[in-house]
Amino acid sequence: MCFLKVKEFSQAIENCNKVIEIDETNEKAWYRRGEARLLRNEFSLAMADFHRVLEVSPLNRAARSQISICQSKIREHDEQDKRTYANMFQKFAERDAKAVRSKRRRDEVPRNCFNGEVGSKRRRSRSASQETKTLELKGV
């Protein structure tokens, strides 16, 4: 109990494990270990401990309420995971879509002087001026 209050959950679980090794029917040890696990966000393990308390003492109301708390925490955690991963996958899909669109745009963009048509016009005009110089040098 002391370790739970000072938030030393690992120590509380260790102590409860020692008690459970000695006496498997000690409902307080199962309950305290369940509390420690619940506070460590180990919801499934905590729920298993609280179910064990109910096996030992079926009328334990505190264990029943802790089980309902565990179930609600598990649901909250699952919903949070859904939102997190849904946004993550949505962002990846949007990023991929942008990459595809930009690639298409690059393929559809008219060629500039570095890779095509405009450059070929320049080359033609250069070659015409070079021909003129060549003809002048030859004396034609």
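The values are calculated or read from the model by the stated rules, or taken from the named source; none is laboratory data. The shown structure was predicted, so the numbers you read here are calculated from the model rather than taken from an experiment. All Cβ positions, even for glycine, are placed from backbone atoms using ideal geometry, and neighbour counts span all protein chains on display.
Taken over the stretch 56-81, residues that are in a helix (DSSP H, G or I) and farther than 19 Å from Ala36 by Cβ amount to 7.
If you filter the stretch 11-65 down to residues that are in contact (Cβ under 8 Å) with a residue 24 or more places away in the chain and β-branched (Val, Ile, Thr), you find that the one that is surrounded by the most Cβ atoms within 10 Å (Cβ to Cβ) is Val53.
When you look at Arg111, is it touching an Asp or Glu at 6+ places or on another chain (Cβ under 6 Å) and either modelled with pLDDT under 75 or within 30 Å of Leu39 (Cβ to Cβ) (or both), yes or no? Judged against the criteria, Arg111 is a match.
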